[in-house]
Amino acid sequence: MRLALFDLDNTLLGGDSDHAWGDYLCQRGILDGDAYKARNDAFYQDYLAGKLDNAAYLNFSMEIFGLHDMAQLDQWHREFMRDCIEPIMLPKAQALLTQHREAGDLLVIITATNRVVTGPIAKRLGVEHLIATECEVVDGRYTGRSTDIPCFREGKVTRLNRWLEETGYSLADSYFYSDSMNDLPLLEQVTHAVAVDPDENLRAEAVKRGWPVISLRD
């Protein structure tokens, strides 16, 4: 079965779910808005510039998970889906997923954003397979720390290769859709690399390599 791999943030979504989650927590007064938003924005700019200290960002962004039980986090996430994610759902992204699904392809979302934030989004998009940065759980609670290899840059390739070994699938004739130069290591591994509303650096790279450049924005 052919694989169709998709980045999530700014690819299938018209925004960044991880950054939006931080904004939501600040707007609700759950976090100190000014301090958190300043650091969250700084990390996001580093991500866009390709110089994110991912370990520092994970410690920052996941701390909240260790401070509240899962029931509370689930409640907040339902509100987050309604208020922040539904407005950035892209009809053209849904159509692209449907196109691959009807072609018999296996859909996989592979994202640097953690599974707590992205699990419900993948479900909403109807994509069963999600490879994401993992959150540590001990005794039924999140610890506020990440676990396993972060699903970021070369880590996406490592995590995907392990998933391929576990499932028996291969990258033969595979697709990968992404907006970000951070995903270049994985884009180089697939048969069909597609730049989706790409950042400036990825757009230039796609043009140089002859990769298709598409838009899923209205």
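No lab work stands behind these numbers, since they all come straight from the coordinates. Note that the structure is predicted; figures quoted are calculated from it, not measured. Here the Cβ positions follow ideal geometry from the backbone for every residue, glycine too, while neighbour counts run over all protein chains shown.
What is the Cα centroid distance between segment 71-100 and segment 115-163, reported in whole angstrom? Centre-to-centre (Cα) distance: 17 Å. Counting only lysines at least 8 places from Lys208 when in the same chain, those with an alpha carbon closer than 24 Å to its own are Lys51, Lys156. Here semi-axes √(5λ) of the Cα gyration tensor in Å was computed from the coordinates, and among [x] 28, 19, 17; [y] 26, 22, 18; [z] 35, 20, 14 the match is [x]. Less than 10 Å Cβ to Cβ from Cys135, Lys/Arg counted +1 and Asp/Glu -1: what total charge do the surrounding residues give? Summing Lys and Arg as +1 and Asp and Glu as -1 gives -1. Rounded to the nearest 0.05, the FRET efficiency derived from the C-beta distance between Glu79 and Glu154 at R0 = 22 Å is 0.05. The Cβ shell under 13 Å around Leu216 holds other residues with a net charge of -3, Lys and Arg each +1, Asp and Glu each -1.
By the rule of a C-alpha distance below 18 Å, with chain neighbours fewer than 8 residues away ignored, the lysines paired with Lys92 are Lys123. For the chain, modelled as a GNM with alpha-carbon contacts under 10 angstrom, which of Asp16, Asp74, Asp34 fluctuates the most? Residue with maximal mean-square fluctuation among Asp16, Asp74, Asp34: Asp34.
All other residues whose Cβ lies under 12 angstrom from that of Arg159 are scored, Lys and Arg at +1 and Asp and Glu at -1, for a net of -1.
Place the peptides 131-138, 183-190 in order of packing, highest mean first, counting for every residue the other Cβ atoms within 10 Å and averaging per peptide. All intermediate terms of the calculation are to be shown ahead of the outcome.
Numbers: 131-138: 18.1, 183-190: 19.6.
Result, highest mean first: 183-190, 131-138.
Could you tell me which trypsin sites (Lys or Arg not before Pro) in segment 46-142 are loop residues by DSSP with no more than 11 other beta carbons within 10 angstrom of their beta carbon?
On the way: sites: Lys51, Arg78, Arg82, Lys92, Arg101, Arg115, Lys123, Arg124, Arg141; in loops: Lys51.
Filter output for segment 46-142: Lys51.
Note on the chain: with charges restricted to the Cβ of Lys and Arg (+1) and Asp and Glu (-1), its dipole about the Cα centre is near 320 debye.
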